[in-house]
Amino acid sequence: MQIKFITTTIVLVFLAGVSYAQGNHSYWQQAVDYTMEVNMDVETYRYTGTQSLVYTNNSPDTLNRVFYHMYFNAFQPGSEMDIRLQTIADPDKRMTEDDKSRIASLSPDEIGYLRASSLAQDGKSVSYQLEGTVLVVDLDHPILPNTSSTFEMDFEGQVPLQIRRSGRNNKEGVALSMSQWYPKLAEYDFEGWHADPYIAREFHGIWGDFDVKITLDKDYTIGGTGYLQNPDEIGHGYQTPETKVKKAKGKTLTWHFKAPKVHDFMWAADPDYIHDSYRMENGPVLHFFYKDKAEILENWKNLQPKTAQAMKFFNENIGPYPYEQYSVVQGGDGGMEYAMSTLITGERKFESLVGVMVHELAHSWFQHILATNEAKHEWMDEGFTSFISSLCMNTIMNRQNPNPFQGSYDGYYSLVQSGKEQPQSTHADRFEFNVAYGRSAYSKGAVFLAQLGYIIGQDKLMATLKKYYADFKFKHPTPNDIKRTAEKISGMELDWYLTDWTQTTNTIDYGIKAVNEAGTGTEVVLERIGLMPMPLDILVVYNDGAQETFYIPLRMMRGEKENPYGQVKRTVLEDWPWAYPDYRFELSKPVSSIKAVVIDPSQLMADIGVNNNLWLAEQQ
Ligand SMILES: [Zn+2]
């Protein structure tokens, strides 16, 4: 008995220690459930709504304030979005006309707005203040850790003329593109509040269940986030086959949607939408909404099997799509990802239509399920999406591209040459130039992964993506999370890679300094010119056509990748300690037998000066 007692005590002490440690460091995230009813007037583009929002504070902190995003207020003359548009050197062309801000010329009945007309916390009204696109709410009573509060809001809004992402009457004639349309509670996480003003781009939201009822003119078809709860009452292509839909009595229909576990809710509506459903084998139902316009019909039909192929590709290469539905909706001003759906412009050439669908669909994984804070880490969201989209396009469009990421590398190189580069850790709104934001987030972000494949090996890169998805789905992963995942898969240390690539503008430049005679053999002298460290693959081609490779691991990476050129003999050389500017190694064959020496024949290492990566005997 005595012995058993002691054992139990030790076990208890040990367990208590574990839970204490987890309590200090464990991951948490807030939760929110929305129930909304909105009424849209399709003549005036004004809408009213009620919102009941249950907010659960899973943080260890007591909250005295909360913040809502009221995005539509950005579309007003004099807003931060308008002023930024007028003062940035390279404004977004979609938002200007004759180089002038389109927001600045909106008349009062063309602007967007979203206002709270009443707000109560657990039945008691609270004071609030609208500061641009953010509603600041002083709570009636604090929300303690692990408790919930219910907020009831009445709101009214006006849909702006389509300027950016959302709006009415976009250039392709879609009546309503309703993204960022409702009062949206800002995210609070381990870094605190993220009540960013809406100036240009990128969102961060709280997971939750949405229950949304939309009442509008019965001639309009709605597509977007969420499963329709009353399809046989609504019709419009949603009804179960063979069902006769009763004619609506009044002028309006009330559409009831539910969307579980999402952090955003988008819808679009138009009286001329064609609505097609495409049921995937062992997959979700795909919905397509597009204007009944002769010249786009064929493209939108052919888009449907391509969407299924892309869905299958992402399921296999990242992880299973967790919803039963995905909708591709014509609307917006280019392409933008939303929960279970996308808004894309539809009057495109087929290749471009597929390209934008693939990109936005990929965001279902890299934003809507792996919900990185894209205002702070835009490269994880846009970059990873661009990476996997390039791979997907290579497969589903049967492109035989040896380097599907070439466009991303070229974008990155042009960014470096422009002299406008800022570190990737820059907030998405704080880039001096739009072009620098774009190349940093999309191109350099995609290169982050493609080049990670060069460092740890392609198989390990793809295994990293799968583990990253499995470990962080429905969470807000940070840059450290992708790095740690790659470290666990590869056994290497990669902090140097994450730090130099994403938090600095250091560049990679290695070169072949000399190829010298050394006794009966050859000495190859390499140099590191750029500050950024990398491991090196070296290919040697002999005059008789024989080839061999040499691998120089970086010392601080404390590991080695597998031979990427399995069919060619590889010699693993001594590590290169980064601080040394030069590195030498010897070949047993004489200089006269060598045709070429090449640094990184895959060109997946983003070396900004490639001329010195190739030594050719004939040029000596
Ligand atoms: Zn994107």
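The values are calculated or read from the model by the stated rules, or taken from the named source; none is laboratory data. Fair warning: this is a prediction, and the values are worked out from it, not measured in the lab. Every residue, glycine as well, gets a Cβ built from its backbone with ideal geometry; the counts of neighbours run over all protein chains shown.
Inside region 498-526, residues that are on the phi < 0 side of the Ramachandran plot and free of Cβ contacts under 8 Å to residues at least 60 places away in the same chain make up a count of 6. Residues being of a type in the set (A, V, I, L, M), within 16 Å of VAL447 (Cα to Cα) and in contact (Cβ under 8 Å) with a residue 12 or more places away in the chain are represented in region 374-389 by at least one member. A single entry from LYS251, LYS246, LYS218 fulfils the requirement of being at pLDDT below 95 and farther than 17 Å from GLN367 by Cβ: LYS246.
Checked against the criterion of being out of contact with any Cys (no Cβ under 6 Å at 6 or more places or on another chain), assigned to a loop (DSSP other than H, G, I, E, B) and in contact (Cβ under 8 Å) with a residue 40 or more places away in the chain, the candidates GLU202, GLU242 yield just one match: GLU202.
Results for (1) touching a residue at least 40 places away in the same chain (Cβ under 8 Å); (2) under 17 Å from the mean Cα position of the chain (by Cα); (3) buried (at least 22 other Cβ atoms within 10 Å of the Cβ), shown as yes or no for each residue.
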position: SER277; (1), (2), (3): yes, no, no
position: GLU295; (1), (2), (3): yes, no, no
position: TRP300; (1), (2), (3): yes, no, no
position: LYS312; (1), (2), (3): no, no, no
position: GLY331; (1), (2), (3): yes, no, yes
position: LEU343; (1), (2), (3): yes, yes, yes
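Within region 511-543, being within 21 Å of GLY453 (Cβ to Cβ), part of a strand (DSSP E or B) and not aliphatic (A, V, I, L, M) holds for one residue alone: ASP537. Of the helices (runs of 4 or more DSSP H) lying entirely inside region 427-510, those containing at least 1 residues that are more than 21 Å from ALA200 (Cβ to Cβ) and within 16 Å of the ligand (Cβ to nearest atom) are 445-456. In region 381-421, of all residues being away from the ligand (no atom under 15 Å from the Cβ) and β-branched (Val, Ile, Thr), the one that is surrounded by the most Cβ atoms within 10 Å (Cβ to Cβ) corresponds to ILE396. Scan region 370-378 and tell me whether some residue there is within 12 Å of the ligand (Cβ to nearest atom), in a helix (DSSP H, G or I), under 16 Å from the mean Cα position of the chain (by Cα) and closer than 25 Å to LEU452 by Cα. Yes - at least one qualifying residue is present in region 370-378.
Does VAL354 meet the test of being outside any loop (DSSP other than H, G, I, E, B) and either on the phi > 0 side of the Ramachandran plot or within 16 Å of the ligand (Cβ to nearest atom) (or both)? The answer is yes for VAL354. Using the structure shown, decide if ILE199 is crowded, with 18+ Cβ neighbours inside 10 Å and either more than 20 Å from SER341 (Cα to Cα) or at pLDDT below 95 (or both). In short, yes. The criterion of being modelled with pLDDT of 95 or more and touching a helix residue (DSSP H, G or I) at 6+ places or on another chain (Cβ under 6 Å) holds for TYR278.
Every listed requirement among (1) touching a strand residue (DSSP E or B) at 6+ places or on another chain (Cβ under 8 Å); (2) charged (D, E, K, R); (3) over 24 Å from ASN58 (Cα atoms) is met by ASP264 save one, (3). Taking the condition within 16 Å of the ligand (Cβ to nearest atom), among the charged types (D, E, K, R) and within 26 Å of LEU161 (Cβ to Cβ), does GLU347 pass? Judged against the criteria, GLU347 is not a match.
Residues of region 111-152 that are surrounded by 15 or more Cβ atoms within 10 Å (Cβ to Cβ), closer than 19 Å to ALA31 by Cα and charged (D, E, K, R): GLU152 alone.
Residues in region 357-369 that are outside any helix (DSSP H, G or I) and not small (Gly, Ala, Ser) were compared, and the one that is nearest to the ligand (Cβ to nearest atom) is HIS363.
Among the residues of region 67-90, the ones that are assigned to a helix (DSSP H, G or I) and among the β-branched types (Val, Ile, Thr) come to 2 in all. With respect to the stated conditions, GLU324 fails to be charged (D, E, K, R) and within 17 Å of HIS476 (Cα to Cα). Is it true that ASN612 is closer than 30 Å to GLU421 by Cβ and not in a loop (DSSP other than H, G, I, E, B)? Criteria met by ASN612.
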